[in-house]
Amino acid sequence: MPPKPTGKPTDPKPMSPRTRPAAFWWLGGALASTYLLATASVPGFVPTTAGGVLDIALVVVLVALTVWLQSQTTAHISQAELWRAYGVAAMLPALLLVGIWQYSDRFNLETLIPGIAWRLWLMLYTLPHLLAALRVPQPPSN
């Protein structure tokens, strides 16, 4: 016979001490990948094998870090972090569209749009977990 529920929620598993550094690594990888995309989206860009391999490697690392961060932080995401993430999710795509419209003559949109699409999706998907991982602990109140 299974044990009866006590009505008390169980404490979530504590986050790994590596969670915060992993979030910073994720942000650095996302910036590097976005830089590679911006470079590749300039008209007249000649792709190199090394740049393509580096971008694919960054994708694999970002997805792996996303999965690991999600496993560590899902139980620790607060309502405030969800609201911040939803606010960013509401504004960031609109700001990107305005930026793309403003600077469309400087970029090859056939390269830029698909690259921005998956990066934006991964960023918005990961944002609540990043906010939970980067949360600064509040001092205890007296």
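The table below lists the values:
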{"quantity": "Region 63-97: number of residues that are part of a loop (DSSP other than H, G, I, E, B) and either exposed (fewer than 12 other Cβ atoms within 10 Å of the Cβ) or not small (Gly, Ala, Ser) (or both)", "calculated": "1"}
{"quantity": "Selection count where residues are within 18 Å of THR34 (Cα to Cα), of a type in the set (D, E, K, R) and not in a helix (DSSP H, G or I), scope region 98-137", "calculated": "0"}
{"quantity": "Residues of region 69-117 satisfying the condition of being closer than 10 Å to HIS129 by Cα and either among the hydrophobic types (A, V, I, L, M, F, W, C) or without any contact (Cβ under 8 Å) to a residue 12 or more places away in the chain (or both)", "calculated": "LEU69, SER71, ALA75, ILE77, LEU82, ALA85"}
{"quantity": "Matching residues, region 76-122, being of a type in the set (Asp, Glu) and under 17 Å from the mean Cα position of the chain (by Cα)", "calculated": "GLU81"}
{"quantity": "Tally, over region 44-62, of residues that are of a type in the set (Val, Ile, Thr) and surrounded by 12 or more Cβ atoms within 10 Å (Cβ to Cβ)", "calculated": "2"}
{"quantity": "So LEU36, is it in a helix (DSSP H, G or I) and either out of contact with any helix residue (DSSP H, G or I) (no Cβ under 6 Å at 6 or more places or on another chain) or within 23 Å of ALA132 (Cβ to Cβ) (or both)", "calculated": "no"}
{"quantity": "Single match in SER16, SER41, SER33 (criterion: at pLDDT below 90 and surrounded by 12 or more Cβ atoms within 10 Å (Cβ to Cβ))", "calculated": "SER16"}
{"quantity": "Test: residue in region 48-62 that is in a loop (DSSP other than H, G, I, E, B), within 29 Å of PRO114 (Cβ to Cβ), at pLDDT 90 or above and in contact with a helix residue (DSSP H, G or I) (Cβ under 9 Å, 6 or more places away or on another chain)", "calculated": "no"}
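The values are calculated or read from the model by the stated rules, or taken from the named source; none is laboratory data. No experiment lies behind these values; they were computed from the predicted model shown. Every residue, glycine among them, receives a Cβ derived from its backbone with ideal geometry; neighbour counts consider all protein chains shown.
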